[in-house]
Amino acid sequence: MLSITWHKGPSLPQGFQDSGVGLVDGMLITTGGFCSGQANVPGKSDKYPRGFLKKTWALNLQSPQDGWQSLPDLPATGRQGFVAAAVDGQFFCWGGISYTAPYTYREGYRLSNRQGTWQWSGAPALPWPLYCSGCCAIGSKIYVVGGAEYDGSKEGRFYTNSNRTGDVKRLGARLLMLDTKDLASGWKELSPCPGTPRFTPATAAAGGRIYVIGGAVGDDNPAKCYATVVDNWAFDPASDQWSRLRDLPVSTGNFPTGRIVFRDRYVVLVGGAQYPKVANLDGTVRDPYGTASHFQGKGSYFNDVFVYDTQTAEFGMADKLPLNNNTPLTVVEGDKIHLLGGETGGATIEGEAFGHHPDLYLVGTIREIQQ
């Protein structure tokens, strides 16, 4: 459906995955994330320190040759897996996880440029802690779908059927909305998704509707295992109603969320990974189906770029990534797609080597292929 020509942009100040990312007044902003410290890249040990981040950086897309500039640190414990969106010249982020109590967070922050100075301030807290929710914006309203809670145990359990105390049922199917023009009213809960409770869903707004594609279930399901979610849904805010879409053509997921739509029509689903089982709507699991692609035929992650056409309700493809990458942070703006970091098996792009949580900034130019 789409042609994408990829090239490397200015490398990130360090490697990471799962940061919050957004676009504010032509500035591509990233905050937080996690780096495993697994570099295996000669000469780049300083770019792969292990730990959770609260660093914030920005790239001016009008002059990317100037490189990434430091902005004020997130005024909180370092974390990964934010709910994040940019609306009306402000960058918002919530939630995420770390390895220290309370493990999963609910407080919110917003970053704005006030008379030439970037400053953080508070934002209404989520009604419950969330990690790797779907998130998108329509006008002044931010929508958050699903997500998980992490319990900090040795096993590292993630909960989607409920929160870890069991009092928020179907956690990974809940839908929340915040109007940034009325922050005092806080979050409002809308009709939950009828589908499988999930985290890491691709969530995007196109044509005034919200699309929720793929994701994964936590290990609190009846089968006691992580599984890929393949049932997909659209939500109409005007009627507060959900409708089911066709399932994914291949049982893969962990796609990026947020501003991932080209021409208000095509939802771009980048990279990803596949769990050993597929989740059914009734909570049971089945074997995976279809074949995803690996760069150079190997790796635990994929280099596919799937596309969902919201006008024809069909899945298609775009040009593949030049590496395998699971959940690269992704922003589509005009005919450009921006990918930051992610989780890879390592790769060399245009002569530069990158590690597991890479300092890679990849840029694509998108073109619609006439059918």
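Listed values, structure above:
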item: Residues of segment 193-218 classified as buried (at least 18 other Cβ atoms within 10 Å of the Cβ) and assigned to a loop (DSSP other than H, G, I, E, B), total; result: 10
item: Residue match in segment 34-43 (condition: in contact with a Cys (Cβ under 7 Å, 6 or more places away or on another chain), of a type outside the set (Ser, Thr, Tyr) and either surrounded by fewer than 22 Cβ atoms within 10 Å (Cβ to Cβ) or part of a strand (DSSP E or B) (or both)); result: no
item: Leading residue by the ranking (farthest from the chain's Cα centre (by Cα)) among those in segment 143-175 that are in a loop (DSSP other than H, G, I, E, B) and crowded, with 24+ Cβ neighbours inside 10 Å; result: Thr160
item: Any hit, segment 243-251, residues being surrounded by 15 or more Cβ atoms within 10 Å (Cβ to Cβ), over 18 Å from Pro194 (Cβ atoms), in contact with a Pro (Cβ under 6 Å, 6 or more places away or on another chain) and at pLDDT 95 or above; result: yes
item: Qualifying position, being under 30 Å from Met177 (Cα atoms), of a type in the set (Phe, Trp, Tyr) and surrounded by 14 or more Cβ atoms within 10 Å (Cβ to Cβ), among Phe302, Phe295, Phe262; result: Phe262
item: Residue match in segment 258-265 (condition: under 18 Å from the mean Cα position of the chain (by Cα), aliphatic (A, V, I, L, M) and in a strand (DSSP E or B)); result: yes
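Yes or no, residue by residue, for (1) in contact with a Lys or Arg (Cβ under 6 Å, 6 or more places away or on another chain); (2) under 25 Å from Pro42 (Cα atoms); (3) surrounded by fewer than 22 Cβ atoms within 10 Å (Cβ to Cβ):
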{"position": "Asn325", "(1), (2), (3)": "no, yes, no"}
{"position": "Val331", "(1), (2), (3)": "yes, no, yes"}
{"position": "Gly334", "(1), (2), (3)": "no, no, yes"}
{"position": "Glu343", "(1), (2), (3)": "no, yes, no"}
{"position": "Gly355", "(1), (2), (3)": "no, yes, no"}
{"position": "Asp359", "(1), (2), (3)": "yes, yes, no"}
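The values are calculated or read from the model by the stated rules, or taken from the named source; none is laboratory data. Note that the coordinates shown come from a computational prediction; the quantities given were computed from them, not determined experimentally. Cβ atoms come from the backbone with ideal geometry, glycine included; neighbour counts cover every protein chain shown.
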